[in-house]
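Here is the structure we will look at.
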Amino acid sequence: MKTKLALITAITAVMALSAYSCGKVESTEKKVDIDISRSDSSTRESETEPASETTSAKSQDSDRSSAKDNLRSKGIGIEFKGEMKDDTTGKLRLALTATKVDVIEYAVDYYKAYFESDDEIHAIVNKNSGTTTCISKSGDTLSVKVHKYVEGEEEDTLKLFSGTVMKEETIGLDGSLISSNETAVQQTSAQTTQPATSASTGSAGNNNNNNNNNNNKNTAPETPVQQTTEAPTEAPTEEVTEAPTEEVTEAPTEIPTEPPTEAPAPTEQPNWTFSLNDLNTNPADMFNIIGQGQADTAPGCLANGADSVVHSYDGLRIECYSLNGSETVYGITITDSRWEILGNVKVGSTRAEIESVYSEGEEENGKYVCKMGNSVLTFSFAGDAVSSIDFYMPVN
């Protein structure tokens, strides 16, 4: 009896112990499940954050790719060179193209495809059209200035955007034209031609009146001729001699309807001799002698952030940078023999004459180059004769 009682007690103890152990396991499993769920939740949150950060970048890449596709679909090939090696501002970017498409038609696609920052200034050199275009962004618009291409400016920021401004337009980022200087030019042309037309009409009217007067004078004597029977031969004699005399004397006063032009003026020799000493100076004294020519300004397009002001004459271009309203000469280009430089040298002088006056120069790629500090004097040739003379200095 005691043996059975002991056996029952042992079995009961074992069963209780098993139940207690099972309870602990279940409790542990539940805790593990909770920890795993928390871990999954934090993992999802950490994965979501970088995904949201890359969404904007992916969108920009998509827009950039779409803009490049648009350029290709228009047959526009762009060779993007990026930063210019001698740029001190870090804002200039260079691209090359040979397309015949007007830059205004693809400027927005170019901006979306190649601008990394809105403070960049991009130069698109198109030797096929002989132009260099300056594109910059201001607010929600693009400023597009088309300059005449200057030889070598894609390799030299000192020459970049120094050509004459041919066209300047402002367009919206949707491609809409906001303003254009061509419209103003056309209006000016229309206004200048209207007075000329009126003058021509008035002149024609005067000629008709004079002809009518002459006809009246010629026909007036006919009545007396018929009535006068004594001297029938005298009347024709008077008509023949008077009519040519009046026509000859009056015609010279009516024919020159246009006043003499000022074209011969440029043939006069200017009283100014150019030299390297003209660089890095204020051009006021120079302009007092030769005038200011036709001035074209390109705001903020030079490496030092200054405005570029180009003064153009027949066979002469003077390039200045403008800061705080004061101009400083940094480039002079001569292509006509009426303008002389120090040593009685000019376009048309022979290579031997150049070398005898500027003996310190050296041959570089078919050109004769003289250097004085940071300033450079370059002679280009057509055969044995000088075809152009260039003075340049860095713009800091």
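Applying the Kirkwood pairwise sum to the alpha-carbon positions of segment 272-392 produces a hydrodynamic radius of 14.9 angstrom.
About its Cα centre, segment 79-181 has a charge dipole of approximately 260 debye under the convention of +1 per Lys or Arg Cβ and -1 per Asp or Glu Cβ, with nothing else charged.
Counted by Cβ distance under 9 Å from Lys81, the other residues give a net charge of -2, where Lys and Arg count +1 and Asp and Glu count -1. Ordering Ser117, Thr131, Ser143 by Cα displacement along the dipole of segment 79-181 toward the positive end leaves Thr131 in first place; charges were set at the Cβ atoms of Lys, Arg (+1) and Asp, Glu (-1). Listed peptides 73-79, 329-335, 388-394, 293-299 appear in the order 329-335, 388-394, 293-299, 73-79 once ranked by packing, highest mean of other Cβ atoms within 10 Å at the front. Count the net charge of all other residues whose Cβ sits under 9 Å from the Cβ of Lys371, scoring Lys and Arg as +1 and Asp and Glu as -1. Cβ neighbours under 9 Å give a net charge of -2. Taking Cβ atoms as reference points and 11 Å as the exclusive limit, the residues near Ser312 contribute a net charge of -1, counting Lys and Arg as +1 and Asp and Glu as -1. Sorting Leu92, Leu302 from the fewest to the most surrounding beta carbons within 10 angstrom yields Leu92, Leu302. By DSSP, the beta bridges lying fully in segment 79-181 are antiparallel in about 80 percent of cases. Using the structure shown, select from Lys68/Lys91; Lys68/Lys112; Lys112/Lys148; Lys91/Lys145; Lys68/Lys148 the pairs with a Cα to Cα distance greater than 20 angstrom. Lys68/Lys91; Lys112/Lys148; Lys68/Lys148, as the Cα separations exceed 20 Å there.
Readers should treat all values here as calculations from the given coordinates under stated rules, not as data from a laboratory. Predicted, not measured: the structure shown is a model, and the values here were computed from it. Here Cβ is always computed from backbone atoms with ideal geometry, including for glycine, and neighbour counts include all displayed protein chains.
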